[in-house]
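A.B. asks: Have a look at the structure that comes next, please.
Readers should treat all values here as calculations from the given coordinates under stated rules, not as data from a laboratory. Fair warning: this is a prediction, and the values are worked out from it, not measured in the lab. So basically every Cβ, Gly included, is an ideal-geometry build from the backbone, and we count neighbours across all protein chains shown.
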Amino acid sequence: MYAWVWRHLPGPWPVRLFIFLVLVLAIVAALFFWVFPWVEDTFDINRVTVG
C-alpha cells in the first residue's frame, strides 16, 4: 500500500516525502480528533468494573 501511494505522489523524492508525511499526520490527527472519541462514546470503553 505504501509503495502504491509513493508511486502516485508527484515530484522528486523530497517533495514526495513531505507530502507523504503530511498525509500521515493528517490521518493521525483525524483518528485522534474524530474516530477515537466516536469509538469511545459508542462502545463505552471507559466504563470498567472491578469486582
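A.B. asks: Report the far tail of the P(r) of the chain, meaning the percent of Cα-Cα pairs longer than 12 Å.
C.D. replies: 71
A.B. asks: Further question: Tell me what the chain gives for mean residue ellipticity at 222 nm when only DSSP H runs of n ≥ 4 count, each as -39,500 (n - 2.57), the sum divided by the residue total, rounded to 500 deg cm²/dmol.
C.D. replies: Details: 3 runs with 33 residues, N = 51.
Here the helix-only value at 222 nm equals -19500 deg cm²/dmol.
A.B. asks: Now for a separate question. Using only the alpha-carbon atoms, how far is helix 13-30 inclined from the longest principal axis of the chain? Give it as 0 to 90 degrees, nearest 10.
C.D. replies: Helix 13-30 sits roughly 20 degrees off the main axis of the chain.
A.B. asks: Full-extension gain between E40 and L17, please, as 0.36 nm times their residue separation minus the C-alpha to C-alpha distance.
C.D. replies: 5.0 nm
A.B. asks: Now for a different question. Simple spin-label model, 7 Å along Cα-to-Cβ: V50 to A30 in nm?
C.D. replies: Spacing of the two 7 Å Cα→Cβ label points: 3.8 nm.
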